[in-house]
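S.K.: Sharing a structure with you now.
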Amino acid sequence: MVAMPKPKKLELERSWKERLEAEFRAHYMQQLSAFLRQRKRAGARIFPPGRLIFNALDSTPFEQVRVVILGQDPYHGPAQAHGLCFSVPAGVPIPPSLRNIYRELSEDLGIPSPAHGCLQAWAQRGVLLLNAVLTVEAGQAGAHQGQGWERFTDAVVERLAVERDGLVFMLWGSYAQKKGARIDADRHLVLRAPHPSPLSAHRGFFGCGHFSRANEYWRAQGQAPVDWLLPEQAEA
């Protein structure tokens with residue numbers, strides 16, 4: 001079922017559920033739930049599947065978050081969206097922006113690019129891959145913008161920025177930078193660059209060195225860096 005569950009039946013990773021339960025009870029989220037149900041009744045194909053709408057939160061518990069990468073919308077093509085920004089399931093062609101992320105990762109840290117586009121391994125290592133809007137309709141980019149998701153994901157970012165210290169926020173593109181504008185750069189490492197889209201990657205995303213800068217930040221604090229190496233084969 002694509003429509004959001006009611007708060008008393010909410011299935012969400014425990015640490016996030018505790019912090020976001022008030023959001024689910026808020027009027028704006030009730031309106032969002034009603035909107036999703038209405039679109040479903042109207043025959044809209046909504047991505048990702050209902051069980052994966054909160055995949056970013058389910059895969060990366062609050063206490064385990066080390067990096068936050070902010071996206072905008074889920075992919076709107078068949079079988080592409082699975083609840084992690086920039087990521088696609090195994091077997092789905094790698095999107096152009098993700099190819100550019102892989103290129104920067106390779107040039108920055110010498111890490112080879114996998115033949116798939118699934119970033120689930122990153123999510124399980126503490127990289128929160130959060131879209132600002134968590135649902136979309138087939139073939140209609142931005143179809144669910146302005147319906148309440150942005151306020152919900154603002155709450156996610158705010159809780160991390162206020163309740164945690166020493167996180168790395170990678171804000172790629174003006175949209176992500178605006179969403180992360182209030183993050184305290186004295187408490188966290190806030191990295192900004194153009195979006196990795198083919199339209200803007202050459203304006204400064206390539207060569208931004210965000211992956212190595214994150215590693216240096218953690219090493220300076222006596223912490224191990226995130227393992228950015230993705231498995232050669234992703235789970236189907």
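The values are calculated or read from the model by the stated rules, or taken from the named source; none is laboratory data. Bear in mind that the values here come from a model prediction, so they are computed numbers and not experimental data. In this analysis, Cβ positions are derived from the backbone assuming ideal geometry, glycine residues included, and neighbour counts consider all displayed protein chains. SASA here: full protein model, heavy atoms, side chains in, ligands and nucleic acids out. Shrake-Rupley method; radii C 1.70, N 1.55, O 1.52, S 1.80 Å.
S.K.: As an exercise: evaluate Gln120 against (1) in contact (Cβ under 8 Å) with a residue 24 or more places away in the chain; (2) out of contact with any Ser or Thr (no Cβ under 9 Å at 6 or more places or on another chain) and give the number of the one condition it does not meet.
M.R.: Gln120 satisfies all of (1) in contact (Cβ under 8 Å) with a residue 24 or more places away in the chain; (2) out of contact with any Ser or Thr (no Cβ under 9 Å at 6 or more places or on another chain) except (2).
S.K.: Next question. Which residues, taken from region 195-204, are open to solvent by less than 80 Å² (accessible area, probe 1.4 Å) and farther than 23 Å from Gln120 by Cβ?
M.R.: Within region 195-204, Pro198, Ser200, Ala201, Gly204 meet the criteria.
Listed here are the residues, each with its yes/no results for (1) of a type in the set (A, V, I, L, M, F, W, C); (2) over 20 Å from Arg125 (Cβ atoms); (3) surrounded by 13 or more Cβ atoms within 10 Å (Cβ to Cβ).
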position	(1), (2), (3)
Asp154	no, yes, yes
Val162	yes, yes, no
Phe169	yes, no, yes
Ser174	no, yes, no
Asp184	no, yes, no
Arg187	no, yes, yes
Ala193	yes, yes, yes
Phe206	yes, yes, yes
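S.K.: For region 177-193, does any single residue satisfy the condition of being of a type in the set (A, V, I, L, M) and without any contact (Cβ under 8 Å) to a residue 12 or more places away in the chain?
M.R.: yes
S.K.: If Leu134 meets every condition in (1) outside any helix (DSSP H, G or I); (2) closer than 18 Å to Gln233 by Cα; (3) touching a residue at least 60 places away in the same chain (Cβ under 8 Å) apart from one, which number is that one?
M.R.: With (1) outside any helix (DSSP H, G or I); (2) closer than 18 Å to Gln233 by Cα; (3) touching a residue at least 60 places away in the same chain (Cβ under 8 Å) applied to Leu134, the lone miss is (2).
S.K.: With the checklist (1) closer than 28 Å to Phe47 by Cα; (2) open to solvent by 70 Å² or more (accessible area, probe 1.4 Å); (3) more than 18 Å from the chain's Cα centre (by Cα) in hand, flag the one item Gln221 doesn't pass.
M.R.: (1)
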